[in-house]
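Since every read-out is calculated from the coordinates, none of them should be taken as a lab result. Note that the coordinates shown come from a computational prediction; the quantities given were computed from them, not determined experimentally. Cβ placement follows ideal geometry from the backbone for every residue including glycine, while neighbour counts extend to all protein chains displayed.
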Amino acid sequence: MHTQEPKGAMWKSVIISAVALLVLAAMIVVLFNLPIVTGNVPQ
Amino acid sequence: MSGAATVPARAQSGPWWIFRPAKTERDMAARPSDSLVVFAVMWGMAMMLSGASRTHILRGDMGLLLAVLNWSVIGAAALLVMNPRKTRILAILSGLMITQFVLRMPISSNNQNIAFYMNLAIFIAVCSEAIRNWRTKLDRDVPYEQLRVVARWLLAIMYFYGMFHKINTGFLDPQFSCATALYQPLTRPFGFAESLLGEYFAIAATFIIEGIAIVCLFWRRFFWVGLLVSLPFHYVIPISGYSYYMDFSSLVFALYMLSVPRDVASGLYSTGAWLVRRAPGLRAGTSAVIVLAVVWALAGAAVVGATALLFPGRGFALMWHSTWLLIWTLFGGVAMVFIIRAALLEQPYQVPAGGKAQSWWVYAIPAVLFMSGASPYLGLKTESSIAMFSNLHTEGGVSNHLLFPKPPYLFDYQSKVVKVLDTNNERLRERAQDPNFGLVEHDLALRLLGDPGMWVSYELNGQLHKRVTADTFTGHRPNWFERKVLDFKPIDWSRPKPCTH
C-alpha cells in the first residue's frame, strides 16, 4: 500500500485531464453533428 | 481475477483518483494473458458496433442466412464482453465473422476487411492452441503473443497506406480534401469551419498523426506518445457524423490493446478489476457495462426520437446512426481515458522487448493486407485497399498520386474504363448524368451479370456498345475468384478529385 505521491505524477494528471476535457467537448460537438439534426446521409 | 489489486489509499477519497495514475495501483499478480481479457472485451464491443452498422442485413434484406449470422455475431459479441475470459467464445465470434464476411465478399468496407484479417488470426491462434492442448486447459499466453504481432503489423500497414494513398493532388487541396470534409463538421460549432488555415492544418495533421502513430508502434519507449496522438484522432473522427466510423475506431482501439506493452493492457485490467471490486454498480463486471450500455442506448434513442419530432421526414438510418454516435461518444471516450491512463501508469517505460519469433502465418496475414493495400497501383482492386476517403485516383492508366502519375500496373483490370451513356438501371442512370462518371469494365460486368434484366449502353475505347445485357456482354467475364476478391469504386474524372469512399 503506497500513499506517497509518485514523482512526476503532475504531468500525467494534466494529460488525463486534457483527454477528459476532449471527451466533454466531443459530447457537445456530437449534438451538432447528429445525422438526425443535420439530415446528412452518412457516406 | 488473478491476485488482489493493490489500491492506493488516496484512491478511496473520491473519483479524482482517475486523474492521478500511480504505478502502485498495478496488480502485480496479473498475467500477461490477462491483457487478452482486455482485448476480448474491446473486440466484442468492436464486433457489436460492426454488426450494428449492417442494418440492411439484420433486417433480412440479404437473406435469412446472413441475417441469422449477423444477429449471432451481435449475440456472441455480447456474450464475449460478459465472459471475456472464455477464449472459446472469442474463437466462435471470429468464426462467425469470417463466415459472414466470406459469404458477402467482395466487401468494400476497409474496417470490415481489417477486422477479417484479425478474426482470421484469432481463429487460427485460438483453434491451433486448443487442438494442441486438447486434453488440458488452453494456454492463453500463446495466442496472446501471436495476436500481438498480427495486431501491431495490421495497424502499421493501415497507417502506412493511410498516409501513402493520400499523397495526391485531391487530398492536398483544401477545397476538395477528405480532411476538410471531416474538419468542417467538427469545428463548425466553434466557428472555425471555413478557416483555410484550419483546413490546411487538418490535411497536415492527418500525415503528422499517422506518421507519429506508425513510428511509436515500433519505438517502445514512446509507445504512449503514439496512443496519446492516435486515440483522440480515432475517437473524434466518428463524431464528425460524416460516415459510420464507430466500428472502425473501436476496432483500432482493440488492436491497440494488443499492440501496447503487455504491462499496459494488464494495468488496464488491474484498474477494471479494482473498479469492479469497489463500485457497487459494477459488481457484475463487464456484464454491468453491457447493462450500462443498454441503458445509455435507450436514453440516446429517446433523445434521438424526440429530436426526430423536430425534423419530420428523417429516415430510420439517420436515427440509427445518431443513436450509435451517442453511444460511441460516451463509451469510446471513457475507453480512451482509461487506455491513456493505463499507458501513463507505466511511465517511464524501460522494459526491454520480450517477444520472440512466431510461426509463419502470423506474418503472412499482415503481408496479404500489405499487398491488398498496394493493389490500386498494381492495376487490381481500388476498394478495400485502405484508400478510403483519400481522394486517390488510379484508374484508366493515370493517377493523381504525386509519386505515380502513371500507375505501374501489373494487371489490366483498371485499364478499361467505360463511359455509361444510358441504362434501364435508375440509380446508375442518375449517376451517369455526371460527365466525369465512369466505371471499370469489371465493375460493369458484375452489375450486368448480377441483374439479368439490366441493359447498359456504353462507350469503351471510343467504341459504342448499345443496350448490352448479361447475355450480350462481350468483355471479360470475371470468374468466381475475381468476383470474390476484386472490388472497384465508381470513377470520378474531375480534378481535383472530390472526396468519396
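Using only atoms on other chains, find how many Cβ atoms lie within 10 Å of each Cβ of peptide B:234-240 and report the average.
4
Grab the beta carbon distance between B:Leu196 and A:Leu24, set R0 = 30 Å, and tell me the FRET efficiency rounded to 0.05.
Efficiency, rounded to the nearest 0.05: 0.60.
Under a cut-off of 27 Å between alpha-carbon atoms, report the lysines in cross-link reach of B:Lys137, not counting same-chain residues fewer than 8 places apart.
Filter leaves B:Lys86, B:Lys356.
Once a ≥ b ≥ c are taken as the square roots of the eigenvalues of the Cα gyration tensor of chain B, is the result rounded (a/c under 1.5), prolate (a/b larger than b/c) or oblate (a/b not larger than b/c)?
prolate
In terms of the ratio Rg/(2.2 N^0.38 Å) built on C-alpha atoms, what value belongs to segment B:19-137? Numbers along the way, then the final one.
Numbers: Rg = 16.4 Å, N = 119, 2.2 N^0.38 = 13.5 Å.
Output field value: 1.21.
What is segment B:296-411 by shape, rounded, prolate or oblate, if you read a ≥ b ≥ c off the alpha carbon gyration tensor as root eigenvalues and call it rounded for a/c under 1.5, prolate for a/b larger than b/c, and oblate otherwise?
It is oblate, given that a/c is not under 1.5 and a/b is not larger than b/c.
For segment B:419-496, just run the numbers: alpha carbon Rg, then divide by 2.2 N^0.38 Å, N being how many residues it has.
Relative to the rule-of-thumb radius for its length, segment B:419-496 sits at 1.06.
In segment B:91-145, which trypsin sites (Lys or Arg not before Pro) fall in coil by DSSP and have 14 or fewer other Cβ atoms within 10 Å?
Here the trypsin sites (Lys or Arg not before Pro) that fit, given the DSSP loop and packing criteria, are B:Arg135, B:Lys137.
Scan segment B:160-214 for GluC sites (Glu not before Pro) in coil per DSSP, keeping those whose Cβ has at most 15 other Cβ atoms within 10 Å, and list them by number. Could you put the intermediate results ahead of the total?
Details: sites: B:Glu194, B:Glu199, B:Glu210; in loops: B:Glu194.
Sites meeting the loop and neighbour criteria: B:Glu194.
Cα centroid distance between segment B:352-392 and segment B:47-98, in Å?
Computed from Cα coordinates, the inter-centre distance equals 25 Å.
Report P(r) for segment B:100-162: all Cα-Cα distances, bin width 5 Å, range 0 to the bin holding the largest distance, values in whole percent.
4, 16, 22, 18, 16, 13, 7, 3, 1
Using the Cα atoms of the protein assembly as shown to build a convex hull, what is its mean projected area in square nanometres?
Projected over every direction and averaged, the Cα hull of the protein assembly as shown covers 26.6 nm².
Restricted to Cα positions, what overall size does segment B:210-361 have along the principal axes? Three whole-Å values, descending.
59, 40, 31
Loop only by DSSP, 11 or fewer other Cβ within 10 Å of the Cβ. Give me the trypsin sites (Lys or Arg not before Pro) in segment B:277-344 that pass, ordered by residue number.
Sites meeting the loop and neighbour criteria: B:Arg283.
Could you please state, rounded to a whole Å, how far the C-alpha centre of segment B:189-258 is from the C-alpha centre of segment B:427-455?
Cα centroid to Cα centroid, the span is 35 Å.
Tell me, B:Asp34, B:Asp412 in order of fewest to most beta-carbon neighbours within 10 Å?
The most exposed by this proxy come first: B:Asp412, B:Asp34.
Can you bin segment B:151-249 into rounded, prolate or oblate? Criterion: square roots of the alpha carbon gyration tensor eigenvalues sorted a ≥ b ≥ c, rounded for a/c under 1.5, prolate for a/b above b/c, oblate for the rest.
prolate
Which whole number gives the average, over all residues in A:10-20, of C-beta atoms from other chains lying within 10 Å of the residue C-beta?
Mean partner-chain Cβ count within 10 Å for A:10-20: 6.
Please identify the DSSP H helices in chain B that span no less than 30 Å along the helix axis (Cα) and have a mean Kyte-Doolittle hydropathy of -0.5 or more.
Helix filter hits for chain B: B:110-132, B:141-164, B:196-218, B:286-310, B:316-345.
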